[in-house]
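Here the structure is laid out as structure tokens; the discussion comes afterwards.
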Ligand SMILES: Cc1cc2nc3c(=O)[nH]c(=O)nc-3n(C[C@H](O)[C@H](O)[C@H](O)COP(=O)(O)OP(=O)(O)OC[C@H]3O[C@@H](n4cnc5c(N)ncnc54)[C@H](O)[C@@H]3O)c2cc1C
């Protein structure tokens, strides 16, 4: 930065240091942001709780963890050299490969020297007199920085169920996010998995292969669709590499940055045979096609959604031999695609195995965890291991876990008490010089595509600040109201907003998170970019800059 940095003034804390920008988080967002800010000549520090880079792909080491995005559409697109160098080995990359990829990125761009690991940020307070943020780590160290960029992840605040006795269990127990770095064996063990969201589904498929006994505790079944993963040969990777410009261009054009595009026809605009044929084709195709490449009205038209749900229910009944179990696996409180669709590989067939049992905890609720297992209202089960696939306090959860205070000591949690209010999903009024990557109200979709856009937008804003010697960037109240109202209006009529899920901010395992909010931007990614580009093109005049 051209302006002289603020110097250590002996404030409380073990050490004080000064940066132009502090980034919290070394996942896909934080890594790329660091790279881009360095190019501006900024003095940047990244704080990361973990011991390595990768974020989601550093933490979630549970068996079967992998993308549901096509690998070759998920990686960074900003460096041709990187694209040339890295070979995806599977169409839907498993976690170890993705972590290897992100480590390669960190090495290739020499990012580690500015990343401080094992450094959880516990507080960030804005100091108006200095126009800077004071960032406190869990160990008490305080650092100051002109700009604060949160790259803390939409799915990085794991939650355990609120069940009595969790700590009393004497066997092994893991949350899927906090999975050990050492191999975990299920061989010959009696294993419980609690949770059947996207993570639970991936975990269950794997554990069932070797566990002596697997009991799945399900509260809400989810509509799943087949993943149809496959290995990528060297030759195929070469062909994909040749198509990268076309692939990324396509991702720029689609609604949610996936390679899939909705069919422009309505569900009832085609004959029964045509409709059935498309659904059969999508069900037999890899990836999110069933969700993202379906008729244009399946997520807004109740009748269309019900018909599609019937189709998928039929598939579940065909695949699960025991009709009573099949019925338990068919969701009844929401339609297909109105919650995040887990993609699966022989998930339903798992329930045909003699070593696997399904317990519906709406029928027989879990009463407590005991030292030896799990007690429901109907029975007591003994386990060697309990796996909590109970997900995240999504989108706002990682913000709630940091004491973030803006002007006049205003707490972000108070500001957002009735749901997030943001400007373009990037800034918050009353929190100057703070920018959010993948925070609430931004376009998510195929997330790295959105990350690259958001990072580039933030970088351009900071370049503008450098060029004009600006030291205070703040969203205006009008800008926030207008964007928040826009985001809310986009949610009207969406069936997904009538359903409790992490996408509507509901997590019954977290106090105060049982009311639905609009946490996500649900418009199209191209429209989002167009709006943000306009703001930049007009020299950010919608912001209060000084
Ligand atoms: C199992 C799983 C599968 C997924 N599959 C897909 C997929 O197929 N397609 C897709 O688009 N997206 C998928 N996602 C979403 C995924 O989170 C994003 O794609 C992407 O990884 C987000 O990157 P990020 O850097 O923004 O956040 P993250 O990867 O979550 O990184 C955030 C980092 O911030 C750190 N952090 C948080 N708080 C603090 C703090 N207070 N102090 C210091 N450090 C902190 C965390 O430790 C973490 O390393 C999946 C997520 C999960 C959990």
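For the stretch 293-333, report the convex hull volume of the alpha-carbon atoms normalised per residue, in Å³, without decimals. Don't skip to the end; give the middle numbers.
Numbers: hull volume 2.9 nm³, N = 41.
It is 72 Å³ per residue.
Would you mind checking the stretch 358-387 for residues with the amide N under 17 Å from a putative spin-label position 7 Å along Cα→C-beta of residue 324?
358-365, 377-380
What percent does the relative contact order of the stretch 240-383 come to when contacts are Cα pairs within less than 8 Å and at least six residues apart? Intermediate values should be presented prior to the final figure.
Working: 123 pairs, mean separation 19.9, N = 144.
Dividing the mean separation by the residue count of the stretch 240-383 yields 14 percent.
Starting from 0.36 nm per residue, how many nanometres of slack lie between residue 100 and residue 85 once their C-alpha separation is accounted for? Write out the running numbers ahead of the final one.
Details: separation 15, 0.36 × 15 = 5.40 nm, distance 1.27 nm.
Once the chain is fully extended between residue 100 and residue 85, it gains 4.1 nm.
How much length is gained on full extension from residue 206 to residue 378, taking 0.36 nm per residue of separation minus their Cα-Cα distance?
Full extension from residue 206 to residue 378 adds 59.2 nm.
Given labels modelled 7 Å from the Cα in the Cβ direction, how far is it in nm from residue 283 to residue 489?
Inter-label distance under the simple model: 3.9 nm.
Taking the C-alpha atoms of the chain, how large are the radius of gyration and the largest Cα-Cα span, Dmax, in Å?
Cα only, the chain: 23.6, 75 Å (Rg, Dmax).
Report D for the stretch 322-430 in µm² per second (integer): Stokes-Einstein, Kirkwood Rh on Cα pairs, 37 °C, 0.692 mPa s.
177
For residue 314, project a label point 7 Å along Cα to C-beta. Then give me every residue of the stretch 293-307 with its amide nitrogen under 17 Å of that point.
295, 303-307
R0 = 25 Å: FRET efficiency of residue 107 with residue 249, Cβ-based, nearest 0.05? The partial results should precede the final answer.
Numbers: r = 28 Å, r/R0 = 1.14.
With a Förster radius of 25 Å, E is 0.30.
If you scale each eigenvalue of the Cα gyration tensor by 5 and take the root, what three semi-axes come out for the stretch 361-425, rounded to whole angstrom and sorted largest first?
Details: eigenvalues 321, 33, 24 Å².
Ellipsoid half-lengths, sorted descending, are 40, 13, 11 Å.
Taking 0.36 nm per intervening residue step and subtracting the Cα-Cα distance, what contour gain separates residue 413 from residue 238 on full extension? Before the final figure, lay out each step's value.
Working: separation 175, 0.36 × 175 = 63.00 nm, distance 4.80 nm.
My answer for the length gained is 58.2 nm.
In percent, how large is the relative contact order of the chain, given Cα pairs closer than 8 Å and 6 or more residues apart?
On the way: 1099 pairs, mean separation 106.1, N = 546.
The normalised contact order for the chain reaches 19 percent.
What is the diffusion coefficient of the stretch 401-546 in µm²/s, taking the Kirkwood radius over Cα pairs and the Stokes-Einstein relation at 4 °C with a viscosity of 1.567 mPa s?
81
Starting from the alpha-carbon convex hull of the stretch 310-377, give the projected area averaged over all orientations, in nm².
Values: hull surface 23.7 nm².
With the hull built on Cα positions only, its mean projection is 5.9 nm².
From Cα pairs below 8 angstrom and at least 6 apart in sequence, can you work out the relative contact order of the stretch 328-377, rounded to a whole percent? Display every interim value, and only then the final one.
Numbers: 21 pairs, mean separation 10.1, N = 50.
Result for the stretch 328-377 is 20 percent.
Label-point separation (nm) for residue 477 and residue 141, each offset 7 Å from Cα along Cα-to-Cβ?
Result: 4.0 nm between the two label points.
Computed from the coordinates by the stated procedures, all read-outs in this text should not be read as laboratory data. Keep in mind that this is a model prediction, so the values were computed, not measured. We place every Cβ from the backbone using ideal geometry, glycine too, and count neighbours over all the protein chains shown.
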